[in-house]
Amino acid sequence: MSESPANNFDAIVEHKPSPGEQHYEKFRVTPELTAEAKRIISLYPEGKAQSAAVPILHEIQKRFGYICGDSIIWVAEQIGCTPAHVVGIVTFYPGLRQSCPGKFHIRVCRTLSCAMAGSEDLFDTLCEKVGIDKKAINHENPIGVSPDGLWSIEFVECLAQCGFAPSVMVNDHTHALVTPDKADELINTYAGK
């Protein structure tokens, strides 16, 4: 019986090139990263290092933009588990990315309040304005990246701003009441930074 590509570790962690990579440092193990991983692991009881997986993965994503195959293997070594276990964590949590975003990562809420307030039209407008091909965004590739690597976009579930829909998050900053006619204003907030 042949192995299905969907169950093949290499296929799951295969590098997916992105124009956004030019804005992030390539993953590498540094003394600072190792020290931070050890510090995070020390916060958990002895024998519970695997509990530190998510915070370590967030630290890697913060530093390098996304979770690559090499970082998955490194995290597994740090917490004493298999790379497959770490892949399970990365693929379970939608906040962990396996492809590099743009310098400015736009998350558009698509849950009920935002959808009813026009988040789909906003998503389309933002894609058009920053040059992202909306057709290339799907379940397998949830993040679209502009050709210059400055912008990326994805639909996400609730940003906890239901009373201020549609809600958008750019990197770690939340923006409320972002209608399609305010797309230029949102983009100009970040352009040139």
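The values are calculated or read from the model by the stated rules, or taken from the named source; none is laboratory data. Everything numeric here is computed off the predicted structure, so don't read it as measured data. No Cβ is skipped: glycine too gets one built from the backbone with ideal geometry, and neighbour counts run over all protein chains shown. Calculation scope for accessible area: heavy atoms of the full protein, side chains included, ligands and nucleic acids excluded. Shrake-Rupley method; radii C 1.70, N 1.55, O 1.52, S 1.80 Å.
The solvent-accessible area of His85, taken with every protein chain present and a 1.4 Å probe, is close to 80 Å². Just one of [x] 1.26; [y] 1.11; [z] 0.97 is Cα Rg over 2.2 N^0.38 Å as worked out from the coordinates here. Which one is it? It is the value labelled [y].
Note on Lys182 and Leu43: the extension gain reaches 45.7 nm, defined as 0.36 nm multiplied by sequence separation minus the Cα-Cα distance.
Taking loop as defined by DSSP and a crowding limit of 16 other beta carbons within 10 Å, which GluC sites (Glu not before Pro) in the range 103-168 fit? Mind showing how you got there, number by number?
On the way: sites: Glu120, Glu128, Glu140, Glu154, Glu157; in loops: Glu140, Glu157.
Here the GluC sites (Glu not before Pro) that fit, given the DSSP loop and packing criteria, are Glu140, Glu157.
Against the chain, whose longest principal axis is taken from its Cα atoms, helix 31-42 shows a tilt of about 80°. Heavy-atom accessible area for Met169, with the other protein chains in place and a 1.4 Å probe, reaches approximately 40 Å².
Using 0.36 nm per residue, how much length does the chain from Cys162 to Lys62 gain when fully extended, once their Cα-Cα distance is taken away?
Working: separation 100, 0.36 × 100 = 36.00 nm, distance 2.63 nm.
Roughly 33.4 nm would be gained on extension.
Excluding Asp121 itself, what net charge comes from residues whose Cβ is under 14 Å from its Cβ, given Lys and Arg +1 and Asp and Glu -1? Taking every other residue near Asp121 into account, the sum is 0.
Pairs of alpha-carbon atoms within less than 8 angstrom and 6+ residues apart define the contacts here; what relative contact order does the chain have, in percent?
On the way: 286 pairs, mean separation 42.2, N = 193.
So the answer I get is 22 percent.
For the chain, Cys68, Cys81, Cys100, Cys127, Cys158, Cys162 stand unpaired, since no other cysteine beta carbon lies under 4.7 Å from theirs. Between Ser99, Ser42, Ser152, the GNM of the chain built on Cα springs shorter than 10 angstrom shows Ser42 fluctuating the most. Solvent-accessible surface of protein heavy atoms, probed at 1.4 angstrom with all chains present, puts Asp172, Asp70, Asp148 in the order Asp172, Asp70, Asp148, largest first.
Quick check: from the Cα gyration tensor, does the range 82-184 come out rounded (a/c under 1.5), prolate or oblate? Before the final figure, lay out the partial values.
Working: a/c = 2.08, a/b = 1.38, b/c = 1.50.
Oblate, because a/c is 1.5 or more while a/b does not exceed b/c.
Please report the accessible area of Thr91 (heavy atoms, 1.4 Å probe, ligands and nucleic acids excluded) in Å², nearest 10. Rounded to the nearest 10, the figure is 80 Å².
Among beta bridges identified by DSSP and lying wholly in the range 36-193, the antiparallel ones come to about 55 percent.
Over all other residues within a Cβ to Cβ distance under 15 Å of Thr34, the charged ones net out to -1, with Lys and Arg as +1 and Asp and Glu as -1.
The fraction of accessible area contributed by carbon and sulfur in the chain is 54 percent, rounded to a whole number (1.4 Å probe; ligands and nucleic acids excluded). In whole Å, how far is the Cα centre of the range 131-193 from that of the range 22-85? Computed from Cα coordinates, the inter-centre distance equals 27 Å.
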